[in-house]
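Reviewing the structure listed below.
The values are calculated or read from the model by the stated rules, or taken from the named source; none is laboratory data. Everything numeric here is computed off the predicted structure, so don't read it as measured data. Cβ placement follows ideal geometry from the backbone for every residue including glycine, while neighbour counts extend to all protein chains displayed.
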Amino acid sequence: DERKIIAKAHDKYKKARAGIINTRHGQIHTPAFMPVGTKGTVKAMLPESVQTTGADIILGNTYHLMLQPGAKRVFKLGGLHKFMNWSKPLLTDSGGFQVMSLSKLRKITEEGVIFNSHIDGSKFMLSPESSTEIQYLLGSTITMAFDECTPYPSTYEQAKSSMELTSRWAKRSRKAFYSRDGYGQFGIIQGSIYNDLRLKSALDLIELDFEGYAIGGLAVGEGQELMFKVLDYAPDLLPINKPRYLMGVGKPADIIGAVQRGIDMFDCVIPTRSGRNGQAFTKYGVVNIRNSKYKEDNTPLEEDCLCPACKNYTKAYLHYLVKVKEILGAMLMTWHNLMYFQKLMLRIREYIAQGKDFDFIS
Ligand SMILES: CC#C[C@H]1NC(N)=Nc2cc3[nH]c(NC)nc3cc21
Ligand SMILES: [Zn+2]
């Protein structure tokens, strides 16, 4: 009946939560979207511009920064915050995923991962200890534990032994972490699509009392349906009073579905990378600005958007800039997309605070 249908609807949102994470470098309003700044810069953006979009925190990568310019050098130069002129929170990924997706040759041992740099082929090793130390040298506000990145798809046996290695590495990462007020370390649970492995991974990592927990092994090609199937139960395995971070996600619809299942933090290259490729996220859907239908379109991407691209320029100009590969095209498209994603998060936070459904936002 009517009452049951309404209850069902609210039921769908009962796991969504809004909150504030307090750190040494400022507050993070959750649900939060973290722009990706892999090599110590959010591509095509000044840090102060990233700040105006509303981002509270950005992401950096251990893998890239250890290869160039080197963690010790960044440390000597005052740390990543100073180096890149970003004073708010920084989260750094621990490197395993980038080794898996970028370096050609790699060998996984109990000690860690041995790999050849994708830049010049030289040999490096990443371990729970070295990854944690590198993130300390970078000055990360939130350090990620060093996990073994289980490929997708994986058999149950593969996922089990990989998850067990991740648990042993999580213990070593936790031991190597230099805990200080306002800084934190997040564990990353694995276990692929197998719920008993996800549970064991969560239990192993909860014992280590991390400041937050990430769900690893998703957004690796499994598709939204399978991802939501895991998210229907995995967030509930984690402490309710600690941040939950879904790595690498995602499109607006993925973010909304994950928030409804209890996720607090997100990172994804989509707004920046697709912006540079000429795709703009708008309330009318994704606009492929290179399409010739925009070459004389004298209207902004979104009439009520406050970003520079929408305030001062037209789709025709953006179409032209992207076509002729002008750097300003990448800048303006990126700025707009980051603004769009932060506005989406702001609206989600407001709807949750008012106890309203937010299914139709995207
Ligand atoms: C297997 C595994 C795993 C996770 N482990 C670590 N350290 N980082 C990640 C980054 C990701 N980005 C995406 N999609 C873009 N999925 C990710 C998953 C992880
Ligand atoms: Zn805009």
Pairs needed: first member in the stretch 120-139, surrounded by fewer than 20 Cβ atoms within 10 Å (Cβ to Cβ) and among the small types (Gly, Ala, Ser); second member anywhere, at pLDDT below 95 and not in a helix (DSSP H, G or I); C-beta distance under 8 Å; at least 6 residues apart or different chains. GLY121/LYS104
In contact with a helix residue (DSSP H, G or I) (Cβ under 8 Å, 6 or more places away or on another chain), more than 10 Å from ligand 2 (Cβ to nearest atom) and without any contact (Cβ under 8 Å) to a residue 40 or more places away in the chain: does that describe THR314? no
Looking at this structure, is VAL50 in a helix (DSSP H, G or I), within 17 Å of the chain's Cα centre (by Cα), buried (at least 16 other Cβ atoms within 10 Å of the Cβ) and of a type in the set (A, V, I, L, M)? yes
For the stretch 88-95, check the following and say yes or no: at least one residue is under 27 Å from LEU46 (Cβ atoms), surrounded by fewer than 23 Cβ atoms within 10 Å (Cβ to Cβ) and either within 16 Å of ligand 1 (Cβ to nearest atom) or not hydroxyl-bearing (Ser, Thr, Tyr) (or both). yes
Testing GLU129 on (1) at pLDDT 95 or above; (2) of a type outside the set (A, V, I, L, M, F, W, C); (3) within 19 Å of THR38 (Cβ to Cβ), one condition comes back false. Which one is that? (3)
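Going through ASN298, ASN288 one at a time, which residue ends up being more than 14 Å from ligand 2 (Cβ to nearest atom), free of Cβ contacts under 8 Å to residues at least 12 places away in the same chain and not charged (D, E, K, R)? Write out each step before concluding.
Details: ASN298 fails: free of Cβ contacts under 8 Å to residues at least 12 places away in the same chain.
Being more than 14 Å from ligand 2 (Cβ to nearest atom), free of Cβ contacts under 8 Å to residues at least 12 places away in the same chain and not charged (D, E, K, R) holds for just one of ASN298, ASN288, which is ASN288.
Out of the residues in the stretch 221-250 that are of a type in the set (Val, Ile, Thr) and surrounded by 19 or more Cβ atoms within 10 Å (Cβ to Cβ), which is nearest to the chain's Cα centre (by Cα)?
Let us first name the residues in the stretch 221-250 that are of a type in the set (Val, Ile, Thr), namely 230, 240, 249.
Still in the running and surrounded by 19 or more Cβ atoms within 10 Å (Cβ to Cβ): 230, 249.
Details: VAL230: 18, VAL249: 6 Å.
Filtering first and then ranking leaves VAL249.
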Condition (residue is within 16 Å of THR141 (Cα to Cα), of a type in the set (Lys, Arg) and surrounded by 17 or more Cβ atoms within 10 Å (Cβ to Cβ)) applied to the stretch 22-44: is it met by at least one residue? no
Those residues of the stretch 100-109 which are under 25 Å from ILE142 (Cα atoms) and either in contact with a helix residue (DSSP H, G or I) (Cβ under 6 Å, 6 or more places away or on another chain) or assigned to a loop (DSSP other than H, G, I, E, B) (or both) amount to SER103
Looking for whichever is modelled with pLDDT of 95 or more and either of a type in the set (Ser, Thr, Tyr) or within 27 Å of ALA330 (Cα to Cα) (or both) here; the options are LYS72, LYS43. Which one fits? LYS43
